[in-house]
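Presented below is the structure to which this report refers.
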Amino acid sequence: MTLSETRESGGPPEAIPDTEASGRRPRRPLSPTGARYVLLIVTLVLAGAFAGQVVHGMVLGPSWADGAQRCWEEGRRLFPGSAQTQAEYWIRCSAPLQRRQAAVSLTGSAAVLLLGVAGLWILPRRLLRGAGPLKAAPAGWQERAARVANEMGVRRPPRVMWGGGHVRQAFVVGSGRRCLIVLPREIRLLPEEEAEAILRHEIGHVAAGDVTLVWFTRGVWWALPPVLLTAPLVAAVQGWRSRDSTVGRMLAKAFWAEYGVRTLVLVVIAALVAQMIMRSREHEADLAAARGQSVAPWESLFRRSAQAERTWLGTVRANHPTHPRRIAVLRDPRLQLRPTVVDTLVVGLLAAVLLDSVHGLAGLLLTGTSWSAAPVSALTAGLLLAVGWGVAVWHHTRVREDGTATPSRRLHLALGVSTAAGLLVRLQGTGTAPEGTVLGWPLLIVLPVAVVGAAALTTAFADLWSRRRGADRIGQRDRLTVVAVGTLIFGGALWLAMDFSVFLTVFRTDRVLNAALLDGPHSPSGAYKAVALAAIAVPALWAAARDTHRGAFRLAALTAVAAVAASVVTRLAYRPASAAGDWTGMWRLDVLTALCAGTVCAGVLVALRGSGGLGHALYAAPVATVLTSTALWAARFGDWRNPFEVLVTVLLESSLAGLAVVLCASAVPAGLLPAWAAGRRAADIAAPALAVTVAAALVVALRHYGDALVLR
């Protein structure tokens, strides 16, 4: 905490309540600020992998090409006339080459990581030398630090040291076991309450566990540029040693100009993001320090010293927020819990860069196995989106006075826009501009749309989870549930978008429907998508059932029952004179009927409640789909050769996988709507009537026009 300061800003509240919303940071899963540190670190470390990949291409590229060509020729010789078998053989044969490329690429990441660890050791010691000579504070200060540390749950109290005469700002260095707090000597001239406020702030950093993260982030940031410079250095050496080229010719290629621009953009973005996160970190330490305390000492401290007015560049480069902002957050901690547009842009951009990096490395490492790179990269990026953005939304939802969830709908759009920007910024795109993003140009449109839908669903679940009975008592299980569901929503949306982009690239734009069918009900990975949707629906159903206001839950139940009844009765009773030839396959029509029931249920809830119906659609739509599939299966139990296998691996799997696509796509426009609620009696009448009418009409349409939904 700095001793410089600002103008007076109104009367403070007596104390910040002893609640988590006020900044309490007990031991728990990573806070949103900590998660953004991790997201930045992982992104920068994986950026080093691209430097390793470029070096591999220059040094080992010829041997890789020879080995790949040899595998291809062997495949053609062993399996003449079968292109698919030849391709499968090439994948198996070239797997060692791909893994070698991945290993060399990861060497770049390892170099960034090791240099970052070295920076974790070097940078704090450099700061301590510059702050010296250091002198241990008197025993009274050590005892005060031990008392405050015990109040904040810090097991090992940090040592308190006096800095040199030129030190004007307190800071903390070290790890959880050996932390040092360096205080300016002028702190002894302050009133006791203000001096302790500064001490509490520094111990707040220790309690938050962010001291190591800060220094490691700085170390990684300083380590990345020299690692990225390794690739052009290798190219220069090759040009110098080559008889047919020179250093100038080698580095004059367009590839290196693009490489330099992308590298510069990434490093600048990383620096700005690190500064932004550090400002957020200061707020968290303020709130942790002031928990259960009067904020008057902080107010007095900030009023005492003067702070020069910042330019916009100074604001961007500052490690600390302005004092008026710190006072405002201390008065109203909800300001810090609220996710902002800038936070959202940062998280989305870094998540997209991370998605691309992990997808490239996973594709190399998993070559020749039955695993796909898409779910690995999607779930990795989804986890950090859930913690870095979803947890912030959940915290903000819990402390809103009106009890509504919706952070500004601009945040959903900002998250989508920033993921598109991340796909363009990625280092792995160097030299591949004609191919577009990691999976082609369609991903640049499809991925942001899917992320917007996932953001809307995550917000809806946060609202649902925060309204249940007992939501005021937050435990470890609650936090893990929010993170797990957020990871499934974001990771599932990213996976759907990546698969859809691949299918769309294969079928081109005239086969959008084919891509949607392969991404949903006919997906090769439909079982995983169905299980993920079920895992989201179960906690959503549990939270809605425990809601203190049962009107929305009753409405969702009525809608689901009506949609199921109408779909099943219409499917079994209506037999047109001329049914579509190919579409009379029993399971296909049953799958689409079940999918229709879930879609109608979700649509009616959104129509009656706006974006407020999305959370209830997360459980009501899957339940309607499952009940419809089960009812249709039971009605023809004797017709199935392996009835239980058909129920699980055909009907439920296909219909739920298709519903996952529908929910993700429909959440995009639904999440942009305001939340509203009709009168109880009107809603109880309108919901079943609307569900029955629409479901029956859609099932009849399926019987007549179902051929249009057959893969071609």
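The values are calculated or read from the model by the stated rules, or taken from the named source; none is laboratory data. Fair warning: this is a prediction, and the values are worked out from it, not measured in the lab. FYI the Cβ positions are ideal-geometry reconstructions off the backbone, even for glycines, and counts take in every protein chain you see.
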- Hey, among PHE553, PHE500, PHE490, which residue is in contact with an Asp or Glu (Cβ under 7 Å, 6 or more places away or on another chain) and surrounded by 24 or more Cβ atoms within 10 Å (Cβ to Cβ)? PHE500
- Query: Would the stretch 197-211 turn up any residue that is more than 21 Å from ALA145 (Cβ to Cβ), part of a helix (DSSP H, G or I) and of a type in the set (A, V, I, L, M, F, W, C)?
  - Reply: no
- Task: Considering (1) modelled with pLDDT under 85; (2) of a type outside the set (Gly, Ala, Ser); (3) assigned to a helix (DSSP H, G or I), say which one THR369 fails and leave the rest.
- Result: (3)
- Message: Under 6 Å between Cβ atoms, which residue pairs at least 6 apart in sequence (or on different chains) link something in the stretch 362-375 that is on the phi < 0 side of the Ramachandran plot with a partner that is assigned to a loop (DSSP other than H, G, I, E, B)?
- Response: ALA373/LEU366
- Query: Does GLN98 satisfy being within 12 Å of THR367 (Cβ to Cβ), surrounded by fewer than 20 Cβ atoms within 10 Å (Cβ to Cβ) and at pLDDT 85 or above?
  - Reply: yes
- Query: Residue check: is VAL342 among the hydrophobic types (A, V, I, L, M, F, W, C), at pLDDT 85 or above and part of a helix (DSSP H, G or I)?
  - Reply: no
- Query: So PRO524 fits all but one of (1) in contact (Cβ under 8 Å) with a residue 60 or more places away in the chain; (2) under 30 Å from ASP499 (Cβ atoms); (3) not acidic (Asp, Glu); what number is the exception?
  - Reply: (1)
- Restricted to the stretch 595-628, and to residues that are within 23 Å of LEU651 (Cα to Cα) and among the hydroxyl-bearing types (Ser, Thr, Tyr), which residue is surrounded by the fewest Cβ atoms within 10 Å (Cβ to Cβ)? THR599
- All but one of (1) part of a helix (DSSP H, G or I); (2) within 29 Å of ALA288 (Cα to Cα) hold for PRO375, so report the exception by its number. (2)
- Out of all the residues in the stretch 238-247, is one or more among the small types (Gly, Ala, Ser), at pLDDT below 85, in a helix (DSSP H, G or I) and at negative phi? no
- Note on the structure: Conditions (1) assigned by TED's automatic domain parsing to the domain that holds LEU345; (2) out of contact with any Lys or Arg (no Cβ under 8 Å at 6 or more places or on another chain) -> ILE474 fails only (2)
- Task: Please specify each residue of the stretch 158-183 satisfying the condition of being part of a loop (DSSP other than H, G, I, E, B), closer than 15 Å to ALA136 by Cα and without any contact (Cβ under 8 Å) to a residue 24 or more places away in the chain.
- Result: GLY165, ARG178
- Hey, VAL650 surrounded by fewer than 24 Cβ atoms within 10 Å (Cβ to Cβ), farther than 23 Å from PHE490 by Cβ and among the aliphatic types (A, V, I, L, M) or not: yes
- Task: Please indicate, with yes or no, whether at least one residue in the stretch 205-221 is more than 20 Å from VAL353 (Cα to Cα) and surrounded by fewer than 19 Cβ atoms within 10 Å (Cβ to Cβ).
- Result: yes
- Are any of the residues in the stretch 636-643 farther than 21 Å from VAL568 by Cβ, of a type in the set (D, E, K, R) and more than 27 Å from the chain's Cα centre (by Cα)? yes
